[in-house]
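The values are calculated or read from the model by the stated rules, or taken from the named source; none is laboratory data. Please read these numbers as outputs of a predicted model, since none were measured by experiment. Ideal geometry is used to build each Cβ from the backbone, glycine not excepted, and the neighbour counts take in all protein chains shown. Heavy atoms of the whole protein, side chains included, go into the accessibility calculation; ligands, DNA and RNA do not. Shrake-Rupley method; radii C 1.70, N 1.55, O 1.52, S 1.80 Å.
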Amino acid sequence: MKKRTLTMVEFEAAGDILLEFDDDGWRIQKPRNLGVKALAAARALVEKAEAIKYAPLPPPNHDRELTLEEKSVIAAKVLKLRLTRRSFRNDG
Amino acid sequence: MPHVLAVAYGGGHINALLPVIERLRARPGWRVTVLALTTAAATGVARGIPVVGLRDLPVEDADSRRHGQRLVEGLAANPLVPEAESIAYLGCSYRDLVTAEGEAGAARRYAAEGRAAFLPRPTLVRAITHLHPDLVLSTSAPRAERAALEAAGSLGVPSVCVVDLFALSEEAWVGQVGFATRVCVPMPGVRDRLLTVGRRPEEVVVTGNPVFDRLGDPDLRLRAEALRQARGWSGRRVILWASQPESQDPQLPRRVEAALLATLAADPTRLLVIRPHPNDQYDLPPEGPQVAHSTRADDLAATLALAEVVVTMTSTVGLEAALLGRPVVTFDGSANTPFAPYSRMGISRGAATLDDLAPAVDDALAGRIPAPNLPPPGGATDAVLRVLDGLL
């Protein structure tokens, strides 16, 4: 079976806002397509998303960093986002 | 009313942006906010430019203040940076490290890397969200400047990154697609390298470095000639040696200097002008018929313009000389050569060993070192402004 790694997660928020999240952080998708109000809302969401403190995993995994998948699930819950798409890299 | 947020540290970083900032401030109806980090605030204020620090923005909280207070205790006070700003800068940066790595991870990384572990993206996201700029202008420096440009990208704010020199260590982020909408570089070789690692051609513009625009002063030749006359150097073939300290081998600059002194016997008209770096404190060889000293009181640009050849290891003076069309010889045995690879970039004739210095100097004096392919100095500020205007 081919192994693959999650590289990016896309979320949708109210007001047709699309955000993406990868190892480099959060990003508003197509900001030019958003109106002033929606853009301000999207920026406020990115601000909150960037500041999320992910609690460490319970022992014995407490030294392991959370995966992108695990962080996405937490972020979606905290920010009330709908996870709409995942992108993967094939590792062969 | 366009609003530009400029973010810079001190030293070469703020200096690269200041000419652009001053021109933007002079435009009627334009608003420029300068987020001056660490010593950049003093530089900006000295030029009459109002600046803000992180302590002026709603980016601190109880956690950042706690971390900042702790970290500032271990620092020697810097008269150029108010303690409140150090607390804000260190505290916010450390808080963001904790957010990314957890308490234990942050402590481990800070112990191992110090400030190099910082990338305060969440802080800069907050700052940009609060300030609502139409464009973010910064440099290729790590930490907060990198974070500012990454944050601008996250928030959909157009951004311009000004690369002041070679962007070698910075290539890891400046070379990433999406890091700054446009990257302004000082020379074609840097652009070529960034395209090789994946940047798109339309994203990287050869503008020059605005700090070197002063080298394009049309009166520079006159100033150089006046300096030559004043110093009694008429008819002399000036070899300018711009020394600098070498922390891993403090005697290395002295050995380079000795090799240059040995080249003087070949021609009594040769004159070695020694210009030590301010941090390179040593007993200079005494002035004499073939040796002269140049200090910071001397006009550097004029001194470079009058030199027949400029010799350095890795000083920025080498790039300034090349921009003025002067032949440059570099001694490439410095530990810092990989970070300022003048000869590899085609800017200098490199001397790999001390024995290679004399033939390189001879070639330079004989006109056998071709001029490097660099944009003539004087138009960088205008070029960066054109890039900004294209995004607004």
In nanometres, what is the gap between the two model label sites at residue B:382 and residue B:45, each 7 Å from Cα along Cα-to-Cβ? 3.5 nm
Report the extension gain between residue B:73 and residue B:233 in nm, rounded to one decimal, defined as 0.36 nm multiplied by the number of residues separating them, less their alpha carbon distance. 52.4 nm
Write down the accessible area per residue of chain B in Å², having rolled a 1.4 Å probe over the full set of protein chains. 40 Å²
What ratio of Cα Rg to 2.2 N^0.38 Å holds for segment B:272-326? 1.12
Just to be sure I understand: of the beta bridges DSSP finds with both ends in the protein assembly as shown, what percent are antiparallel, rounded to 5? 35 percent
Are any of the pairs A:37/A:80; A:2/A:71; A:2/A:53; A:30/A:53 more than 21 Å apart by Cα-Cα distance, and if so, which? A:2/A:71; A:2/A:53; A:30/A:53
How much of the accessible area of segment B:217-365, probe 1.4 Å, is carbon plus sulfur, in whole percent? 52 percent
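Provide the packing ranking of B:208-220, A:26-38, i.e. peptides ordered by the mean count of other C-beta atoms within 10 Å per residue, highest first.
Ranked by mean Cβ neighbours within 10 Å, highest first: B:208-220, A:26-38.
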What percent of all Cα-Cα pairs in the protein assembly as shown falls in each 10 Å bin, counting up from 0? 4, 17, 25, 23, 16, 9, 4, 1, 0
Relative contact order in percent for chain B (Cα pairs under 8 Å, 6+ apart) equals 13 percent
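If the viscosity is 1.567 mPa s and the temperature 4 °C, what translational diffusion coefficient in µm²/s does Stokes-Einstein give for segment B:154-220 when Rh comes from Kirkwood over Cα pairs? Walk me through the numbers before you get to the answer.
Working: Rh = 12.5 Å.
In µm²/s, the coefficient is 103.
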Suppose R0 equals 30 Å; then what is the FRET efficiency for residue B:3 and residue B:217 from their Cβ-Cβ distance, rounded to the nearest 0.05? 0.40
Based on the Cβ-Cβ distance of residue B:279 and residue B:392, what FRET efficiency does E = 1/(1 + (r/R0)^6) give at R0 = 30 Å, to the nearest 0.05? 0.15
Looking at segment B:1-156, I'd like the Rg to Rh ratio, where Rg is from alpha-carbon atoms and Rh is Kirkwood's inverse mean 1/r. 0.97
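Provide the buried accessible surface between chains A and B in square angstrom, both chains summed, 1.4 Å probe, rounded to the nearest 100. Mind showing how you got there, number by number?
Numbers: alone 6820 and 16420 Å², together 21740 Å².
In total, this chain pair buries about 1500 Å².
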Would you calculate the separation in nanometres between label points at residue B:26 and residue B:267, each defined as 7 Å from the Cα along the Cα-to-beta-carbon direction? 4.1 nm
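Can you give the helix-only mean residue ellipticity at 222 nm for chain B, where every DSSP H stretch with n ≥ 4 adds -39500 (n - 2.57) and the sum goes over all residues, rounded to the nearest 500 deg cm²/dmol?
On the way: 14 runs with 158 residues, N = 392.
Helix-only estimate at 222 nm: -12500 deg cm²/dmol.
Once you have the Cα-Cα distance between residue A:57 and residue A:3, take 0.36 nm times their residue separation minus that, and quote the gain in nm to one decimal.
Details: separation 54, 0.36 × 54 = 19.44 nm, distance 2.38 nm.
Additional length available on full extension: 17.1 nm.
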Restricting attention to the alpha-carbon atoms of segment B:217-365, what are Rg (one decimal) and Dmax (integer), both in Å? 14.1, 40
Rg in Å to one decimal, and Dmax rounded to a whole Å, for segment B:317-377 via C-alpha atoms: 11.1, 33
Report in % the part of the accessible area of segment B:96-211 that belongs to carbon and sulfur, leaving out ligands and nucleic acids; probe 1.4 Å. 52 percent
Among the aspartates and glutamates, which fall within straight-line cross-link reach of residue A:77, defined as a Cα-Cα distance under 13 Å, with same-chain neighbours fewer than 8 residues apart omitted? A:12, A:69
Among residues of segment A:16-58, a drop of 50 Å² or more in 1.4 Å probe accessible area, assembly relative to the chain on its own, occurs for A:27, A:43, A:47, A:50, A:53
Debye, to nearest 20: dipole size of chain B, +1 on Lys, Arg Cβ, -1 on Asp, Glu Cβ: 500 debye
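Please compute, for peptide B:99-110, the average count of beta-carbon atoms on other protein chains lying within 10 Å of each residue's beta-carbon.
Values: counts 5, 5, 1, 9, 2, 3, 3, 0, 0, 0, 0, 0.
Mean number of neighbouring Cβ atoms from other chains: 2.
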Student exercise, segment B:86-149 dipole from Lys, Arg, Asp, Glu Cβ charges, in Debye to nearest 20: 100 debye
Ordering of B:287-299, B:228-240, B:322-334, B:168-180 by packing [mean C-beta count within 10 Å, highest first]: B:322-334, B:168-180, B:228-240, B:287-299
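Using packing as a proxy for protection, rank B:150-160, B:335-345 so that the peptide with the highest average count of other Cβ atoms within 10 Å comes first. Mind dumping the intermediate values first?
Working: B:150-160: 24.9, B:335-345: 17.5.
Top to bottom by mean Cβ count within 10 Å: B:150-160, B:335-345.
Of the beta bridges DSSP finds with both residues in segment B:217-365, what % are antiparallel, to the nearest 5?
Working: 1 of 20 bridges.
Looking only at bridges with both residues in segment B:217-365, the antiparallel portion is about 5 percent.
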Per-residue average of Cβ from other chains inside 10 Å of B:149-158: 6
Rounded to whole Å and sorted largest first, what semi-axes of the equivalent ellipsoid does the C-alpha gyration tensor of chain A yield via the square root of 5 times each eigenvalue? 26, 17, 10
D (µm²/s, integer) via Stokes-Einstein for chain B, Kirkwood Rh across alpha-carbon pairs, 4 °C, 1.567 mPa s: value 58 µm²/s
